[in-house]
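Participant: Mind looking over this structure? Questions follow.
The values are calculated or read from the model by the stated rules, or taken from the named source; none is laboratory data. Everything numeric here is computed off the predicted structure, so don't read it as measured data. A quick note on method: Cβ atoms are made from the backbone with ideal geometry, for glycine too, and the neighbour counts reach across all protein chains shown. Each accessible area value is taken on the protein alone, full model and side chains, heavy atoms only, with ligands, DNA and RNA left out. Shrake-Rupley method; radii C 1.70, N 1.55, O 1.52, S 1.80 Å.
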Amino acid sequence: MTALDRNEIAATVGRSLERLESYLVGERFRGYDPYDALSSPVFRLPILRSWKWLRLAALQALKRSPYNVRPLLGIPKGYNPVTLAFVLEGSAYRALVDTDQAALHRARAVQCVSELALLRSRGFSGDCWGYPFDWEARYGRLPATTPTIVATGIVTNALFVAYRLLQLEDAFEMCRSAAQFVLDDLPRTVADGTFCWGYFPSDTQRVLNATMKGARLCAQIYSVTGDDASLEPAAQTAEYVARHQREDGTWPYAVGVVRQWADHFHTAYVLDAFDSYKRCTGDDSLQRVQERGWRYYREQFFFEDRIPRYYPEKTFPIDATACAQSLLTLCRFGDVGTASQVADWTIRNMQCADGHFAYQVRRRRLVRIPYMRWSSAYMYAGLSRLAYALADGAEGV
């Protein structure tokens with residue numbers, strides 16, 4: 001980018017963030033979610049409480065619907081710890097970029113840390129988080145607030161960013177505690193000196209992006225404490241994921257089941273976690289794995305270098321989560337030019353009049369449903385990370 005281009009995109013991103021932040025604050029960080037169908041009072045009725053396939057069908061139908069019928073179904077706007085995590089991460093970056101409002105962004109980050117402490121799931125070995133709605137899946141049922149390695153991994157990554165950028169000690173102590181949840185409460189599937197953590201307590205699914213979030217957390221703890229008790233499991237599960245990389249550089253979503261697809265944001269999760277693992281531990285033995293994955297990601301998941309594809313060589317639907325995550329991953333790997341083009345396209349095509357970001361661009365329509373965690377809060381984190389990179393903070397955390 002030329003200096004003028006850089007200034008223009010920085011201004012565009014700044015204006016977008018102001019509109020988006022106003023929306024988030026106005027909604028008090030509460031909102032709908034693609035997976036919140038079972039929060040409807042309808043599913044408290046005796047038969048619907050237990051009929052797995054009907055519950056699963058309802059969840060999928062509402063997720064795919066282009067219309068927001070949640071108010072008609074009595075579904076409340078949820079208060080999701082992952083939403084707060086994205087706001088925390090964005091606020092930490094904004095505190096260093098938006099110097100005129102630095103105190104406000106820092107105060108919001110501190111508030112998010114306090115709120116995340118209140119939203120912890122109870123009864124486990126350490127701090128952990130889940131979603132505020134029941135979740136029915138083909139591979140298991142998760143009651144609301146059941147902690148998962150994914151929700152916990154996203155929250156702790158934001159806490160670690162806040163610790164590194166703003167020196168919030170309470171944030172790191174929550175990360176340290178959460179590592180005990182991962183180490184002590186999640187099952188492991190062991191294979192030849194490596195292992196994969198389960199998705200939630202009692203679970204034995206082998207979901208690769210999920211276990212890499214555990215590796216990232218342990219590596220982050222090691223980077224501060226130097227404790228080998230965190231390093232060894234991080235290295236072992238990272239090696240597990242490395243061994244399941246395919247020749248083209250992709251990873252299947254999960255091992256040993258039919259879920260063999262590779263999509264945009266789950267691939268990006270793995271790449272981010274590998275890079276964080278390397279930076280935090282100094283272990284570059286998996287560098288070639290990371291480079292092969294990055295090459296495939298960069299070549300296959302972007303149309304015209306500005307539109308994130310959901311699947312390789314399949315542009316639609318263009319999804320807000322893929323757009324937001326791509327900003328984080330592209331900036332992490334130093335491709336700020338492409339991140340800027342993605343941000344410009346996404347702002348122009350997916351940000352709505354009230355500041356929130358639409359859920360998806362489908363082939364024939366824009367789905368404007370205001371999903372808080374999936375779309376708007378995630379875009380807040382992604383755009384804030386790009387603003388930081390444009391202000392010469394390219395390394396990030």
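Participant: Run the helix sum for the chain: -39,500 (n - 2.57) per DSSP H stretch of 4+ residues, divided by residue count, reported at 222 nm to the nearest 500 deg cm²/dmol. Mind showing how you got there, number by number?
Facilitator: Details: 15 runs with 222 residues, N = 397.
Mean residue ellipticity, 222 nm, calculated: -18500 deg cm²/dmol.
Participant: Over the alpha-carbon set of the range 133-214, work out the extent along each principal axis and list the three values in angstrom, largest first.
Facilitator: That gives 40, 36, 19 Å along the principal axes, largest extent first.
Participant: Now for a different question. Take every DSSP beta bridge with both residues inside the chain and express the antiparallel ones as a percent of the total, to the nearest 5.
Facilitator: Values: 17 of 18 bridges.
Roughly 95 percent of the DSSP beta bridges within the chain come out antiparallel.
Participant: To check my understanding: the extent here is largest minus smallest coordinate of the Cα atoms along each principal axis. What are those three numbers for the range 272-344, in Å, largest first?
Facilitator: 37, 21, 18
Participant: Moving on to the next point. Suppose all protein chains stay in the model; what accessible area per residue would a 1.4 Å probe give for the chain, in Å²? Could you put the intermediate results ahead of the total?
Facilitator: Numbers: 15970 Å² over 397 residues.
Counting only protein heavy atoms, the per-residue value for the chain is 40 Å².
Participant: Next question. When only C-alpha pairs under 8 Å and at least 6 residues apart count, what is the relative contact order of the chain, in percent?
Facilitator: Details: 712 pairs, mean separation 71.6, N = 397.
So the answer I get is 18 percent.
Participant: What ranking of K77, K213 comes out by heavy-atom accessible area, probe 1.4 Å, highest first?
Facilitator: Working: K77 100, K213 10 Å².
Listed by decreasing accessible area, they come as K77, K213.
Participant: Can you tell me how much longer the chain between A353 and T204 gets when fully stretched, taken as 0.36 nm per residue apart minus their C-alpha distance, in nm with one decimal?
Facilitator: Details: separation 149, 0.36 × 149 = 53.64 nm, distance 4.38 nm.
Fully extending the segment from A353 to T204 adds 49.3 nm.
Participant: What is the extension gain from D284 to V69, computed as 0.36 nm multiplied by their sequence separation minus the C-alpha to C-alpha distance, in nm to one decimal?
Facilitator: Working: separation 215, 0.36 × 215 = 77.40 nm, distance 4.89 nm.
Gain on extension, D284 to V69, equals 72.5 nm.
Participant: Of Q360, L119, M174, which is farthest along the charge dipole of the chain in the positive direction, counting Lys and Arg as +1 and Asp and Glu as -1 at C-beta?
Facilitator: Most positive-ward Cα: Q360.
Participant: Whenever you get a sec, line up T83, T12 from highest to lowest accessible area (probe 1.4 Å, protein heavy atoms).
Facilitator: T12, T83
Participant: Return the carbon/sulfur percentage of the accessible area of the range 286-397, one whole number, probe 1.4 Å, all protein chains in place. Show your work: numbers first, answer last.
Facilitator: Details: 1710 of 4110 Å².
Carbon plus sulfur share of accessible area: 42 percent.
Participant: Can you pull the percent of Cα pairs in the range 279-397 with separation above 20 Å? Don't jump to the answer; show the numbers that get you there.
Facilitator: Working: 3028 of 7021 pairs.
So the pairs more than 20 Å apart make up 43 percent of the total in the range 279-397.
Participant: Let me ask something additional. Under 16 Å Cα to Cα from K77, which aspartates and glutamates show up? Leave out anything in the same chain fewer than 8 places away.
Facilitator: E27, D33, D36, D134
Participant: Same structure again: Answer with one residue from L183, T156, Y380: the one whose Cα lies farthest towards the positive end of the charge dipole of the chain, charges on Cβ with Lys, Arg +1 and Asp, Glu -1.
Facilitator: After comparing all options, I get Y380.
Participant: Multiply the residue separation of Y311 and A102 by 0.36 nm, subtract the distance between their alpha-carbon atoms, and state the gained length in nm to one decimal.
Facilitator: Contour length minus Cα-Cα distance gives 71.4 nm.
Participant: Suppose every Lys and Arg Cβ carries +1 and every Asp and Glu Cβ carries -1, with no other charges. What dipole size does the range 1-146 come out with about its Cα centre, to the nearest 20 debye?
Facilitator: Result for the range 1-146 is approximately 780 debye, rounded to the nearest 20.
Participant: Comparing Q300, Q351, Q260, which has the greatest mean-square fluctuation in the GNM of the chain with Cα pairs linked when under 10 Å apart?
Facilitator: The residue that fluctuates most here is Q260.
Participant: Please report the equivalent ellipsoid semi-axes of the range 118-159, computed as sqrt(5 x eigenvalue) of the Cα gyration tensor, largest first, in whole Å.
Facilitator: Working: eigenvalues 67, 27, 16 Å².
Semi-axis lengths for the range 118-159 are 18, 12, 9 Å.
Participant: Evaluate the charge dipole of the chain about its Cα centre and quote only its size in Debye, nearest 20, assuming +1 on the Cβ of each Lys and Arg and -1 on the Cβ of each Asp and Glu.
Facilitator: Numbers: 47 positive and 43 negative charges, 362 e Å.
Dipole of the chain, to the nearest 20 debye: 1740 debye.
Participant: Let me ask something else. May I ask you to rank T99, T338 by accessible area, largest first, using a 1.4 Å probe over the protein chains only? Walk me through the intermediate numbers first.
Facilitator: Working: T99 100, T338 10 Å².
Solvent-accessible surface, decreasing: T99, T338.
Participant: So, R0 is 56 Å and r is the distance between the beta-carbons of W51 and E173; what FRET efficiency does that work out to, to 0.05? Present the calculation step by step, with values, prior to reporting the outcome.
Facilitator: Values: r = 43 Å, r/R0 = 0.76.
Result of the calculation: an efficiency of 0.85.
Participant: If you average 1/r over every pair of different alpha-carbon atoms in the range 197-321 and take one over that average, what Kirkwood value in Å do you get? Walk me through the numbers on the way to the answer.
Facilitator: Values: mean 1/r = 0.0666 Å⁻¹.
Averaging 1/r across every pair of different Cα atoms and inverting gives 15.0 Å.
Participant: Please list, in order, the residues from the range 91-127 whose amide nitrogen is less than 18 Å from a point placed 7 Å along the Cα→Cβ vector of D392.
Facilitator: Backbone N within reach: 94-100.
Participant: Can you pull the accessible area of E173 for me, 1.4 Å probe, Å² to the nearest 10?
Facilitator: Roughly 90 Å² of E173 is accessible to a 1.4 Å probe.
Participant: Over the chain, how many percent of alpha carbon pairs lie in each 20 Å bin up to the one with the longest distance?
Facilitator: Going from the shortest bin to the longest, the percentages are 29, 63, 9, 0.
Participant: While we're here: May I have the convex hull volume per residue, in Å³, for the Cα set of the range 1-159?
Facilitator: Per-residue hull volume (Cα only) is 157 Å³.
Participant: Also, I was wondering about something else. Could you rank the peptides 17-25, 268-276, 150-158, 85-93 by their average count of other C-beta atoms within 10 Å per residue, with the highest value first? Show your work: numbers first, answer last.
Facilitator: Numbers: 17-25: 18.7, 268-276: 24.7, 150-158: 26.8, 85-93: 29.4.
Highest to lowest by the protection proxy: 85-93, 150-158, 268-276, 17-25.
Participant: Another question about this same structure. Give the average over all directions of the projected area of the C-alpha convex hull of the range 42-136, one decimal, in nm². Before the final figure, lay out the partial values.
Facilitator: Values: hull surface 36.0 nm².
Averaged projected hull area, Cα only: 9.0 nm².
Participant: Over all directions, how big on average is the projection of the convex hull of the alpha-carbon atoms in the range 152-194, in square nanometres?
Facilitator: Details: hull surface 14.3 nm².
Its average projected convex-hull area is 3.6 nm².
Participant: Here's something else I'd like to know. When only Cα pairs under 8 Å and 6 or more residues apart are kept, what is the percent relative contact order across the range 80-132?
Facilitator: Working: 46 pairs, mean separation 20.5, N = 53.
Once normalised by length, the contact order is 39 percent.
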